[in-house]
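Take a look at the structure below.
The values are calculated or read from the model by the stated rules, or taken from the named source; none is laboratory data. What you see is a predicted model, and the numbers here were worked out from it, not measured in a lab. Every residue, glycine among them, receives a Cβ derived from its backbone with ideal geometry; neighbour counts consider all protein chains shown.
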């Protein structure tokens, strides 16, 4: 079971993990309605290293990026749910629109994002931060028809989620 930590613990955590010879993987997102697409994505990210740290956008940022009525679940609950997954070691909530500051502090060996970004993650706002210290960006494919927006739309339409 994972642990929810404060952002100011990221630098020390990263140093400790690297000192122990562990390959650190970081990913981030809103995760405002945990679904099987998230689980499979996080399991894939975890397979890339020895420890997986997940950044969660706070409630205010999620509302700005996703619109009114989002997030569905509050940030503390989203973090707790993610920490409860076997594949997740640590979870951190962050207030910025991107995870750049978390990455600067943690300096993960691998930064992972979903396949809705271009090859190699060149269009990611965090990519220059990762490249600056020699980290690697990996793009994982997404589960077809498994997004929070699609699930919410089906629920609102009174349709089953398939």
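For the condition more than 20 Å from residue 137 (Cβ to Cβ) and modelled with pLDDT of 95 or more, what is the one hit in 5, 53, 72?
Values: 53 fails: more than 20 Å from residue 137 (Cβ to Cβ); 72 fails: modelled with pLDDT of 95 or more.
5 is the lone residue from the list that is more than 20 Å from residue 137 (Cβ to Cβ) and modelled with pLDDT of 95 or more.
Suppose we filter the range 42-56 for residues that are crowded, with 24+ Cβ neighbours inside 10 Å and closer than 19 Å to residue 7 by Cβ; how many remain? Matching residues across the range 42-56 total 5. Each residue in the range 1-16 was checked for being out of contact with any strand residue (DSSP E or B) (no Cβ under 8 Å at 6 or more places or on another chain) and either surrounded by 18 or more Cβ atoms within 10 Å (Cβ to Cβ) or more than 20 Å from residue 81 (Cα to Cα) (or both), and 5 of them qualify. Filtered by the rule that a residue be farther than 19 Å from residue 46 by Cα, modelled with pLDDT of 95 or more and buried (at least 17 other Cβ atoms within 10 Å of the Cβ), the range 80-125 gives 94, 100, 105. Being free of Cβ contacts under 8 Å to residues at least 12 places away in the same chain and surrounded by fewer than 21 Cβ atoms within 10 Å (Cβ to Cβ): is that true of residue 19 here? Yes, satisfied.
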